[in-house]
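Here is the structure we will look at.
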Amino acid sequence: MKIGIIGVGRIGLQHARVVQAQEAVDELVLADMDSARAEEAAKELGGSFMSVDDIFHKVDGVVIATPTFTHADLLVKAAAAHVPTFCEKPVALDIPTTKYVIDEVRASGTPIQIGFQRRFDAGYVAAREALQSGKLGELRRAHMLTCDPVPPHAEFIPGSGGLFKDCAIHDVDALRWISGKEIIEVFAYGVPRGAEFFAEYDDVSEAVATLRLTDGTLATLQVSRYNGQGYDVRMEIAGTKGTYAVGLDEHSALVSAEPGVTFPEGEPHPAFYPRFVKAYDAELAAFVKVAAGEMDSPALVDDALEALYVCEALGISRRTGRPVKVSEVKAP
Ligand SMILES: NC(=O)c1ccc[n+]([C@@H]2O[C@H](COP(=O)([O-])OP(=O)(O)OC[C@H]3O[C@@H](n4cnc5c(N)ncnc54)[C@H](O)[C@@H]3O)[C@@H](O)[C@H]2O)c1
């Protein structure tokens, strides 16, 4: 198979390496707005490079790893060319654009997979299986945490959609996917601490939220851009029969305050890639199967829209200081 990668920046270059390692892939084609970067990556990986417009007509599948504001346009081009596509999250920063992409994708029938890699992380998968098999009993409580050690650079912030759409969207998707329930109401606090650019762009560096699910379960969420102990992504999922903790291992960014307790003894992960490396490998291996027509997409554009509704509601709640029903955001 011939697979194209559009955008060979921070995550695109890593995705290109993973795609190239798949047995079914015998040719890699790279494209980037910065053609020198695509050429350099092609040299390094042993692939070829071409323009973004040409790539859709020359490959069996495409991976979009460009900045978020470009995703919608590229997904519409992929749908028009009927090329199975993997696209990093989020699809777009606003609801009308995401709905437009869904309409175009549906009309063309092109398979699209969104980069919700937690659906391929061993811990999240085990928690989902434990809940859905009945091992945890009835769901009663969930707590989620996504903390970056340091903020991204200032230029990233205005185009990122803010802390909820950029970071918490993964927690929201994981909660929907694991619980099998929808989130119907949220209440969020957020504060801009540290770098001045958070306040300048009406973003926050710290947030906490409560989320109410269709079955009445209450979940909590903490998100931060400053976690001195390291990259920390965890989830606790508690039912009437048991509790599972995702991300609690030797690399957890924690120090036990208990005398004599040495767990965890490993080094905390410094950033998202090492934490989720196996999940990225697995999601892209799945995508190659999607592109080959061997399986259905495991993360749809519709899932990205559902997660975006919740993140939009979280943002409104944070700005207005009131609980927000997700139906408010969904209403046309
Ligand atoms: N799933 C995850 O865990 C995860 C982690 C990091 C980033 N992301 C997502 O991946 C995307 C890329 O993030 P990044 O940090 O790698 O960005 P980046 O800025 O490091 O790289 C983006 C690349 O795209 C190129 N580019 C920009 N506009 C383009 C266009 N119109 N056409 C072709 N190429 C273009 C740039 O030249 C650059 O090489 C973002 O949407 C981000 O949200 C997801």
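The values are calculated or read from the model by the stated rules, or taken from the named source; none is laboratory data. Here the structure is a predicted model, which is why all the values come from computation and not from measurement. So basically every Cβ, Gly included, is an ideal-geometry build from the backbone, and we count neighbours across all protein chains shown. Please note that ligands, DNA and RNA were not included when accessible areas were found on the heavy atoms of the full protein model with its side chains. Shrake-Rupley method; radii C 1.70, N 1.55, O 1.52, S 1.80 Å.
For region 1-112, what is one quarter of the convex hull surface built on the Cα atoms, given in nm²?
Details: hull surface 24.8 nm².
Averaged projected hull area, Cα only: 6.2 nm².
Can you run phi through the Karplus equation (6.51, -1.76, 1.60; θ = phi - 60°) for region 127-142 and list ³J(HN,Hα) in whole Hz, with x for Gly and Pro?
5, 5, 5, 4, 6, 6, 7, x, 4, 8, x, 7, 5, 10, 7, 9
Treat each spin label as a single point 7 Å out from the Cα along the C-beta direction, and report the Ser48 to Ile95 distance in nm.
4.5
Modelled label-to-label distance, Glu138 and Glu265, 7 Å Cα→beta-carbon offset: nm?
4.2
Compute the accessible area per residue over region 237-296, keeping the other protein chains in place, probe 1.4 Å, unit Å².
Result: 56 Å² of accessible area for each residue.
Could you grab the relative contact order for the chain? Cα pairs under 8 Å, six or more apart, rounded to a whole percent.
Working: 688 pairs, mean separation 64.4, N = 332.
Computed over the chain, the figure is 19 percent.
Can you give me the distance in nm between label points at Glu40 and Ala21, each placed 7 Å from the Cα along the Cα-to-Cβ direction?
With each label point 7 Å from Cα toward Cβ, the separation is 2.3 nm.
First measure r as the distance between the Cβ atoms of Met33 and Ser108, then evaluate 1/(1 + (r/R0)^6) with R0 = 22 Å and state the FRET efficiency to the nearest 0.05. Could you put the intermediate results ahead of the total?
Details: r = 24 Å, r/R0 = 1.10.
It comes to 0.35.
Check Gly115: other-chain or 5+ apart residues with amide H under 5 Å from its amide H, H built from backbone geometry?
Long-range HN contacts for Gly115: Cys87, Glu88, Lys89.
Kindly provide the chymotrypsin sites (Phe, Trp or Tyr not before Pro) of region 155-250 that DSSP labels as loop, not H, G, I, E or B, and whose Cβ sees at most 16 other Cβ atoms within 10 Å.
Tyr201, Tyr226
Each residue of region 282-299 in order: what ³J(HN,Hα) in whole Hz does its phi give by Karplus 6.51 cos²θ - 1.76 cosθ + 1.60, θ = phi - 60°, with x for Gly and Pro?
5, 5, 7, 4, 5, 4, 4, 5, 4, 5, 7, x, 8, 8, 7, 4, x, 8
Probe of 1.4 angstrom, ligands and nucleic acids ignored: what's the accessible area per residue over region 55-206, in square angstrom? Walk me through the numbers before you get to the answer.
Values: 6070 Å² over 152 residues.
Computed with neighbouring chains in place, this is 40 Å² per residue.
For region 321-330, just list the computed ³J(HN,Hα) in residue order, Karplus coefficients 6.51, -1.76 and 1.60, θ = phi - 60°, integers in Hz, with x standing in for Gly and Pro.
Taking θ as phi minus 60°, the curve returns x, 9, x, 10, 7, 5, 4, 4, 7, 6 Hz for region 321-330.
Expressed as a whole percentage, what fraction of the accessible surface of the chain belongs to carbon and sulfur atoms when a 1.4 Å probe is rolled over the protein heavy atoms? Can you show the working numbers first?
Values: 7820 of 14890 Å².
Exposed carbon and sulfur together represent 53 percent of the surface.
Looking only at Val19, Val277, Val290, which one moves most when the chain is put into a Gaussian network model with springs between Cα atoms under 10 Å?
Result: Val277 has the largest fluctuation of those listed.
Please report the net charge: other residues with Cβ closer than 13 Å to the Cβ of Gln20, K and R +1, D and E -1.
Values: positive: Lys2, Arg17; negative: Glu23, Asp26, Glu27, Glu44, Asp281.
Net charge in that neighbourhood comes out at -3.
Using a Gaussian network model of the chain whose springs link C-alpha atoms within less than 10 Å, name the residue from Ala286, Ala107, Ala188 with the highest mean-square fluctuation.
Highest fluctuation of the listed residues: Ala107.
Once the principal axes of the Cα atoms of region 68-118 are found, what is the range along each, listed largest first in whole angstroms?
Per principal axis, max minus min of the Cα coordinates gives 24, 24, 15 Å.
Have a look at His153, His269, His143 and tell me which one the Gaussian network model of the chain (Cα, springs below 10 Å) gives the largest fluctuation.
Greatest mean-square fluctuation among the candidates belongs to His153.
Can you pick out the pairs among Lys89/Lys325; Lys77/Lys325; Lys77/Lys289; Lys58/Lys278 whose Cα atoms lie more than 31 Å from each other? Walk me through the numbers before you get to the answer.
Details: Lys89/Lys325 23 Å; Lys77/Lys325 34 Å; Lys77/Lys289 21 Å; Lys58/Lys278 29 Å.
From Lys89/Lys325; Lys77/Lys325; Lys77/Lys289; Lys58/Lys278, over 31 Å: Lys77/Lys325.
Considering only DSSP states other than H, G, I, E and B, which GluC sites (Glu not before Pro) in region 1-84 qualify as loop sites with at most 12 other Cβ atoms within 10 Å?
Details: sites: Glu23, Glu27, Glu39, Glu40, Glu44; in loops: Glu23.
Sparse-neighbourhood loop GluC sites (Glu not before Pro): Glu23.
Would you calculate a helix-derived [θ] at 222 nm for the chain, using -39,500 (n - 2.57) for each DSSP H run of n ≥ 4 and dividing by the full residue count, to the nearest 500? All intermediate terms of the calculation are to be shown ahead of the outcome.
Working: 12 runs with 126 residues, N = 332.
Mean residue ellipticity at 222 nm (helix-derived): -11500 deg cm²/dmol.
Note the per residue figure in Å³ for the convex hull of the C-alpha positions in region 140-251.
Working: hull volume 11.0 nm³, N = 112.
About 98 Å³ per residue, rounded to a whole number.
At 20 °C and 1.002 mPa s, grab the translational diffusion coefficient of the chain from Stokes-Einstein with a Kirkwood Rh over Cα pairs, rounded to a whole number in µm² per second. Mind dumping the intermediate values first?
Values: Rh = 20.6 Å.
Estimated diffusion coefficient is 104 µm²/s.
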